[in-house]
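A.B. asks: The structure follows.
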Amino acid sequence: MTLLLGALTLGLLLALMALGIFVTFRLFRFADLATDSILTLGAAVTAVLLVRGASPGGATLAGAGAGILAGAVTGLLHTRLHINSLLSGILVMTGLYSVNLRVMGGSNVPLAHVPTGADRARDALQYISGVEVWSFSSWEIPGGDLAVLLGILGVVALFGFGLYAFLLTDFGTALRASGDNGQMALAQGVSAPHMMLVALMISGGMSGLTGALLAQYQGFADIQMGVGTLVLGLASVIMGQALVRSSSLGISIAGAVMGSVLFRLLVSIALRWGLNPNDLKLATASFVLITLVLPKLMGSWSNRKEAPHA
């Protein structure tokens, strides 16, 4: 049960990053390689501020703000200096590695004896309920773990609904139109480069927020904690789209969250069944490959099945 609870919590945490990737990848077909380092930046800024006595809320906002600035740098390199999208992400990712080391003053910042948002959630639930261990049927769940899960679920729901509402506004509609057809949007007076910049700032902010919360959940910030997270986010978005099979905005956003949670559950199940942790990256790459190929194979199979009736 502890493994399942941890997978759900981590899946919801990474769903915040998946929502940001949804904006850049699904709307603008821009895979920002800087996402890995931006997540680490958010964790580094938050951890350092917490160690220096900042409140968890303020430190988390600072981590998200650092992510927004990093996303803006990627956007400016691409839209103003006209650097290739792939290369823009690589440049920012490479530069942020040194920035993150400077911010942390080393490769790791422990938070073992520092009050974090996770601690606040645990204390709040215990104060309200007075229960330390929750029982569901034959399962017993520590109140602290349940509090963190509920807190993360609330944050994801808040940002998911917020993103949905934002993309339905006039500005959000213009942003989506720019991603669908930049030339048409330009003819309507919408600047596609400006919208691309905003999208990358949103994605960077969500990645920074993910790093900030992840550091508080795990109890440390590490220079390597963001490695491979872009692949996980892309897999979550693609898997979610395959699950919901709908172009509806709200359902697609929900699908990205579902894909993130399902992906973490699959990884946890693989580990539970005896997967060597050293093979985890290989298993992750295999999951992503299956996620990319399976929808195409299913579509091809469905077309062949319907062909005789045409």
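The numbers here are math on the coordinates, done by the rules we state, and not lab data. For clarity, every value in this text was computed on a predicted model and none was experimentally measured. No Cβ is skipped: glycine too gets one built from the backbone with ideal geometry, and neighbour counts run over all protein chains shown.
A.B. asks: Please sort 206-214, 23-31 by packing, taking for each peptide the average over its residues of neighbouring beta carbons within 10 angstrom, highest first.
C.D. replies: 206-214, 23-31
A.B. asks: Under 14 Å from the Cβ of Gly240, count the other residues' Cβ atoms, weight Lys and Arg +1, Asp and Glu -1, and hand me the total.
C.D. replies: +3
A.B. asks: Once you have a ≥ b ≥ c as the square roots of the Cα gyration tensor eigenvalues for segment 1-111, tell me rounded if a/c is under 1.5, and otherwise prolate or oblate according to whether a/b is larger than b/c.
C.D. replies: Here segment 1-111 falls in the oblate category.
A.B. asks: How large is the helix-only mean residue ellipticity at 222 nm for the chain, computed as the sum of -39500 (n - 2.57) over DSSP H runs with n ≥ 4, divided by its residue count, in deg cm²/dmol to the nearest 500?
C.D. replies: One gets -25500 deg cm²/dmol as the mean residue ellipticity at 222 nm.
A.B. asks: Place a +1 charge on the Cβ of each Lys and Arg in the chain and a -1 charge on the Cβ of each Asp and Glu, then give the dipole magnitude about the Cα centre in debye, rounded to the nearest 20.
C.D. replies: Approximately 600 debye in magnitude.
A.B. asks: Could you give the distance between the Cα centres of segment 190-217 and segment 44-67, to the whole Å?
C.D. replies: Segment 190-217 and segment 44-67 have Cα centres spaced 16 Å from each other.
A.B. asks: On to the next question. List the DSSP H helices in the chain whose Cα atoms stretch 30 Å or more along the helix axis and whose mean Kyte-Doolittle hydropathy is at least 1.0.
C.D. replies: 56-79, 143-168, 249-272
A.B. asks: Could I ask something else about it? What is the dipole size for segment 156-285, taken about its Cα centre, with +1 at each Lys and Arg Cβ and -1 at each Asp and Glu Cβ, in debye to the nearest 20?
C.D. replies: 260
A.B. asks: Then there's this: Could you check the simple spin-label distance between Leu289 and Leu4, using points 7 Å along Cα→Cβ, in nm with one decimal?
C.D. replies: 3.1
A.B. asks: May I ask which residue of Ala44, Ser107, Gly250 lies farthest towards the positive end of the charge dipole of the chain, with charges of +1 (Lys, Arg) and -1 (Asp, Glu) on Cβ and the Cα centre as origin?
C.D. replies: Highest projection toward the positive end goes to Gly250.
A.B. asks: Here's a follow-up. Among 114-120, 250-256, 10-16, what's the highest-first ranking by average C-beta atoms within 10 angstrom per residue?
C.D. replies: In descending order of packing, they fall as 10-16, 250-256, 114-120.
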